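Report on one structure; see the data block that follows.
Computed from the coordinates by the stated procedures, all read-outs in this text should not be read as laboratory data. Keep in mind the model is a prediction, meaning the values are calculated, not measured. Ideal geometry is used to build each Cβ from the backbone, glycine not excepted, and the neighbour counts take in all protein chains shown.
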């Protein structure tokens, strides 16, 4: 590359300044060669002797005049506090601070595995996304991106609303359900529990980071390869995690929480399609190219920034980027007293909405602040509680989260969002830790009280209605749950949480197409959240679209290979398709769990292994106890024992087993539908129509 004659430059002299440590010269040469071969003018100093007044003046002039400054970052730069590259970095950093519009002319490249977090580079380098080019091997996508950034034709300037911060001009971019008894889960509904926890409590991928999904595709994309066609919705945005520049890892909760609150505020704005939290946070610390992020999330714009918090002040830098052209639509740095952080969050949401020219229905400020607080201390405590909420994996974690929310509500007893979150924690406590019917009842009563309080304080807050819907669904008040889910969807049609849970409930109620549409939209908004793919596959299974369900479940397993329930559901899909051998293989893969016993009882019976089927059924009953009546009814109905199946169903009714909500759509119970006893159960449950 470097040895070849470069193409004639098609960009201005000194368009790109390449800065590197001497130990990284070979990597720098590869980058330079790739750019020059594409006709890009690069200032690349290879002199052995550096320094002196003449050289210093030339360096200063070149950095002052260049369009893009590309620092090469590696272990060599991380381990050295001196060197001419440090002088170059300081000059570029000074230029970025002199003019806010220039803060994004820096395009950092990392040529090895040096982590971004904590790396000793200027603050301005942390504000933008890094590109990783191992060994300096520049990909065609990277070269194409640099050419776009050097394009002399800027995009149409977005009209900002009155009162927008000064300095706002486009510039080139550089960058399952709980029951009243604690029990193991019946196989046929296990995924619903996991899905609810994924959305309501954890809302994160089931295992480690999944492979990438194109937002509108059902197939897994090749890692790092954006889809060929990129045509995102014009009013779509991803909010990337703001970088914590406070110098204190303990402040991470603040930058993450502020990002999430801003994301939630934007998701409430009419016509604005906002990528879900899991997908947006997927790239945290990765320094992935913004164009790649936009392709993977199928968004037209990206909002990124940084947060620096001190004892009494906070500095927030935010920048809105057109993902197609790579130009800034808006950027601004705010220095405010900490007490103003609540207003600042709303101000940023307002400016973003104006820059994207979305149709605004009502007061954006009121929408952004819905269910919130006016107390900075309560807000800070809430962000800490939110971190604890997302980390619940044990009884101790749950208690710590409860304590954190108690503190929030001590500071501000009228914080509706905090009541909605705490309601879901109580709901989860009833499911996971309600060892007896009495203790579970206490947790559910507390959950209901908190959900109702949230709704009283903020009737337009969807999260309060979702929490109440979950409680009512658990208690088999299906008509009440239906009403609350409908209200939540009306209030927050762009919320991934609401869409996911509404989709699951709607399918269970027999509203198949509405439920599937909601599940598909959740996938489109949050494509890197494996729970979304899982839940769509689960809904397709209930919809009796077994081949489609297998496709989604295969995708789920490619994202999360350790997702045992997804493999078990594949077993059920193959069972319904009549491929009992494949069903056996999938169910045996999760053997010795309550998930597998029911599946194997059915499959072994079809394969003529009757003693094995009976043994699996016995394990199912012993492992589930009273909570296993519904699953037992499914097995017995499939085996042709209608009387035994009806007995089991009636026992489930006496225990108010929440899994009865699937009664009208459950394919395993089809043999019982003409039985008068079955029809009496169905009438008693009062399904909404």
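Some points to look at:
- With the simple spin-label model, which puts each label point 7 Å out from Cα in the Cβ direction, the residue 615 to residue 654 separation comes to 3.1 nm.
- Annotation for residue 270 and residue 606: the two label points, set 7 Å from Cα along the Cα-Cβ direction, are 5.0 nm apart.
- Area projected by the alpha carbon convex hull of region 411-473, averaged over all directions, nm²: 4.0
- For 274, 121, order by how many other beta-carbon atoms lie within 10 Å, fewest first: 121, 274
- Here region 611-652 is scanned for amide nitrogen atoms under 20 Å from the site 7 Å beyond the Cα of residue 591 along Cα-to-Cβ, giving 611-624.
- Residues residue 312 and residue 75, FRET efficiency given R0 of 41 Å [Cβ-Cβ distance, rounded to 0.05]: 0.65
- FRET efficiency for residue 248 and residue 286, using Cβ-Cβ distance with R0 set to 22 Å, rounded to 0.05: 0.50
- Label-point separation, residue 456 to residue 544 (7 Å along Cα→Cβ), nm: 4.6
- 11 Å cut-off, amide nitrogen to a point 7 angstrom out along residue 664 Cα→Cβ, residues in region 488-525: 506-512
- When you count the other C-beta atoms within 10 angstrom of each residue and take the mean per peptide, 375-383, 541-549 line up highest first as 375-383, 541-549.
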